[in-house]
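A.B. asks: Mind looking over this structure? Questions follow.
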Amino acid sequence: MRLTIDNLQGRGPVDYTAALDGSVMPRVERKMNQPAELQCSLVASGSGFVTPAAGGRVILARTGGGFVFTGYLSAAPGFFYLGCGEQGPVYRYDLVAESDEVLLNQKALPNRAPFTARMAGAALRELAADLMPGAFDCGAVEDVDTLASYPINPQKNFSYHAAEIALSARASYRAMNGALLLAPVGAATYALNESDTNFSPMGLTLACPK
């Protein structure tokens, strides 16, 4: 895994991979039609460590290529004193980040007429354009199904409406690396290989929703 954070201080992305707490693996929590959340911890000692800033751009990627999570720190990291090391005091920083659509959630939707006889994908693309024109790549947003009628409540954020639109069309949406994705439920399948050396039965949890 490779973790980089752009603290928006003009230095660009900073590689924090070496500072990841080896005792606590980074955890990405994904729920259908909800923003993804990344939780990880950094262990820092010495004066060269730059404390991640709230709102920093976070990218967790596989070493061989491919994104695991992209988003922004939702708050300044909590920190705890662990003791004194060879280079001075040692602290642990606990980070929490939300996926890219947090940028859209920070914007207020304008008052508009309900979507009538519109494709779900077209409605999602239009909502994103209303909030941040051109900020997100919508090339992977499929039309999916037609919405008979869907009213827009400006008091609700983008994620709420994206989830409702996706559920109405029996689809799922996701934001990753500056792009929005919308696809029918069941379009993506995942295979588990129990003979893989990286497969961990203790790390597998299956849940059956109501």
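The values are calculated or read from the model by the stated rules, or taken from the named source; none is laboratory data. In this text, all values refer to a predicted model and were calculated from it rather than measured experimentally. A quick note on method: Cβ atoms are made from the backbone with ideal geometry, for glycine too, and the neighbour counts reach across all protein chains shown. The accessibility values were calculated without ligands, DNA or RNA, using every heavy atom of the protein model including side chains. Shrake-Rupley method; radii C 1.70, N 1.55, O 1.52, S 1.80 Å.
A.B. asks: At 1.002 mPa s and 20 °C, plugging the Kirkwood radius over alpha-carbon pairs of the chain into Stokes-Einstein gives what diffusion coefficient in µm²/s? Let's see the in-between values first.
C.D. replies: Working: Rh = 19.2 Å.
Using the Kirkwood radius from Cα pairs, D works out to 112 µm²/s.
A.B. asks: Please work out how much length the chain gains when fully extended from residue 54 to residue 86, using 0.36 nm per residue of separation minus the C-alpha to C-alpha distance, in nm with one decimal.
C.D. replies: Numbers: separation 32, 0.36 × 32 = 11.52 nm, distance 2.87 nm.
Between residue 54 and residue 86, full extension yields 8.7 nm more.
A.B. asks: Put +1 on the Cβ of every Lys and Arg and -1 on every Asp and Glu Cβ in segment 18-129; which of 116, 63, 78 then has its Cα farthest towards the positive end of the dipole?
C.D. replies: Sorting the options by dipole projection puts first 116.
A.B. asks: Next up: At a 1.4 Å probe radius, carbon and sulfur cover how many percent of the accessible area of the chain?
C.D. replies: Working: 6460 of 12370 Å².
Reported share for carbon and sulfur atoms: 52 percent.
A.B. asks: Let me ask you something else. In vacuum, with every alpha carbon of segment 82-128 counted as one equal point scatterer, what does the Debye formula give for log10 I(q)/I(0) at q = 0.17, 0.30 Å⁻¹? Two decimals, please.
C.D. replies: -0.70, -1.15
A.B. asks: So if each residue of separation counts as 0.36 nm, and I subtract the Cα-Cα distance between residue 185 and residue 113, what length gain in nm does that give? List each step's numbers first, then the result.
C.D. replies: Details: separation 72, 0.36 × 72 = 25.92 nm, distance 2.76 nm.
Roughly 23.2 nm would be gained on extension.
A.B. asks: In addition: Considering only protein heavy atoms, what per residue accessible area in square angstrom results for the chain with a 1.4 angstrom probe?
C.D. replies: On the way: 12370 Å² over 210 residues.
Counting only protein heavy atoms, the per-residue value for the chain is 59 Å².
A.B. asks: What does the charge add up to near residue 96, with Lys and Arg as +1, Asp and Glu as -1, over the other residues with Cβ less than 13 Å from its Cβ?
C.D. replies: So the surrounding residues net to -3.
A.B. asks: On to the next question. Please sort 8-14, 116-122 by packing, taking for each peptide the average over its residues of neighbouring beta carbons within 10 angstrom, highest first.
C.D. replies: Working: 8-14: 11.1, 116-122: 17.6.
Packing proxy ranking, top to bottom: 116-122, 8-14.
A.B. asks: Compute the angle between helix 120-131 and the longest alpha-carbon principal axis of the chain, please, reported from 0 to 90 degrees and rounded to the nearest 10.
C.D. replies: Roughly 60 degrees, rounded to the nearest 10.
A.B. asks: Another one. As I understand it, the dipole of the chain uses +1 on the Cβ of Lys and Arg and -1 on the Cβ of Asp and Glu, about the Cα centre. Which of 189, 1, 162 lies farthest toward its positive end?
C.D. replies: 162
A.B. asks: Right, here's the next one. How large is the helix-only mean residue ellipticity at 222 nm for the chain, computed as the sum of -39500 (n - 2.57) over DSSP H runs with n ≥ 4, divided by its residue count, in deg cm²/dmol to the nearest 500?
C.D. replies: On the way: 3 runs with 27 residues, N = 210.
Value at 222 nm, helices only: -3500 deg cm²/dmol.
A.B. asks: Still on this model: In degrees between 0 and 90, to the nearest 10, how far off the longest principal axis of the chain does helix 158-168 point, with axes built from Cα atoms?
C.D. replies: 50
A.B. asks: Please report how far the C-alpha centroid of segment 159-198 lies from that of segment 21-62, rounded to the nearest whole angstrom.
C.D. replies: 22
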